[in-house]
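**Q** Sharing a structure here in structure tokens format.
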Amino acid sequence: MTNETIRIVGIDPGLRKTGWGVIAAEGSRLRWIAHGVIAPDDTLPFSERLLALMNGIHAVCHDYQVDEAAVEEVFVNVNPASTLKLGQARGAVILGAATYGLSVGEYPANLIKKVVVGAGHADKSQIAYMVARLLPTSKGAKADAADALAVAITHAQLRKRALLESLVKGAA
């Protein structure tokens, strides 16, 4: 098994604020690269806000030479209109990564929480705490960016597990 370094962008989609976080994964070691938030102007038409999200994620992928992407799946809100808009924002960020040529892993929120915190119903402060412990150079990423880093960590852990399982199957 090789220990090549893979750069992963994790994305926590939102129409007002989309968090992103880039990590490097080499074997079981994870290293923080960068994080931030894309916040389109609320006064822009809806289509232009979606375009800003798509272009923003594409730029992050380019700027940090990302190899793989991962995004949090949409959870169903009480308000169907909000859920639909969140789904559209999610589609825009997936397209941003896809136009850079990346495949995109998709993970439900409870799985991300389970992988990073150990409990599927962890709150945002617990996620931020564990992200700070797992990526100490992340400078205490807050809220949306911490959630995005958690998505990237989840992808790194699950891709490593899938790789190990395929090696075991191949050796059998």
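The values are calculated or read from the model by the stated rules, or taken from the named source; none is laboratory data. Remember, predicted model here, so these are calculated numbers, not experimental data. Please note: Cβ atoms are built from the backbone with ideal geometry, for glycine as well, and neighbour counts cover all protein chains shown.
**Q** Is segment 78-86 home to any residue that is over 16 Å from the mean Cα position of the chain (by Cα), assigned to a helix (DSSP H, G or I) and buried (at least 17 other Cβ atoms within 10 Å of the Cβ)?
**A** yes
**Q** What's the number of the condition Y129 fails, among (1) surrounded by 15 or more Cβ atoms within 10 Å (Cβ to Cβ); (2) under 14 Å from the mean Cα position of the chain (by Cα)?
**A** (2)
**Q** Then there is this: Go through (1) touching a strand residue (DSSP E or B) at 6+ places or on another chain (Cβ under 9 Å); (2) assigned to a helix (DSSP H, G or I); (3) aliphatic (A, V, I, L, M); (4) closer than 19 Å to A152 by Cβ and name the single condition L95 misses.
**A** Evaluating L95 over (1) touching a strand residue (DSSP E or B) at 6+ places or on another chain (Cβ under 9 Å); (2) assigned to a helix (DSSP H, G or I); (3) aliphatic (A, V, I, L, M); (4) closer than 19 Å to A152 by Cβ leaves (1) as the failure.
**Q** Let me ask something else about it. Got a sec? Which of G56, G27, G19, G91 is under 15 Å from the mean Cα position of the chain (by Cα), under 27 Å from R133 (Cα atoms) and of a type in the set (G, A, S)?
**A** G19 is the lone residue from the list that is under 15 Å from the mean Cα position of the chain (by Cα), under 27 Å from R133 (Cα atoms) and of a type in the set (G, A, S).
Residue-by-condition table, conditions (1) buried (at least 17 other Cβ atoms within 10 Å of the Cβ); (2) modelled with pLDDT of 95 or more; (3) closer than 19 Å to A34 by Cα:
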{"position": "V104", "(1), (2), (3)": "yes, yes, yes"}
{"position": "K139", "(1), (2), (3)": "no, no, yes"}
{"position": "T154", "(1), (2), (3)": "yes, yes, yes"}
{"position": "L164", "(1), (2), (3)": "no, no, no"}
{"position": "V168", "(1), (2), (3)": "no, no, no"}
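**Q** State whether one or more residues within segment 116-128 are within 21 Å of T5 (Cβ to Cβ) and touching a residue at least 40 places away in the same chain (Cβ under 8 Å). Break it down into steps so the answer makes sense when it comes.
**A** Initially, segment 116-128 is screened for residues within 21 Å of T5 (Cβ to Cβ), giving 116.
Subsequent filtering for residues that are touching a residue at least 40 places away in the same chain (Cβ under 8 Å) retains none.
No, segment 116-128 contains no residue that is within 21 Å of T5 (Cβ to Cβ) and touching a residue at least 40 places away in the same chain (Cβ under 8 Å).
This table checks each residue for (1) in contact (Cβ under 8 Å) with a residue 12 or more places away in the chain; (2) more than 18 Å from K124 (Cβ to Cβ).
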site: A25; (1), (2): yes, yes
site: S47; (1), (2): no, yes
site: M54; (1), (2): yes, yes
site: V74; (1), (2): yes, no
site: N77; (1), (2): no, no
site: A89; (1), (2): yes, yes
site: P108; (1), (2): yes, no
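**Q** Another question, if that's okay. Could you grab the pairs with beta carbons closer than 9 Å, sequence gap of 6+ or different chains, first residue in segment 1-16 and over 18 Å from I94 (Cβ atoms) and surrounded by 15 or more Cβ atoms within 10 Å (Cβ to Cβ), second one charged (D, E, K, R) and at pLDDT below 95?
**A** From residues that are over 18 Å from I94 (Cβ atoms) and surrounded by 15 or more Cβ atoms within 10 Å (Cβ to Cβ), the pairs are I6/E26; I6/R159.
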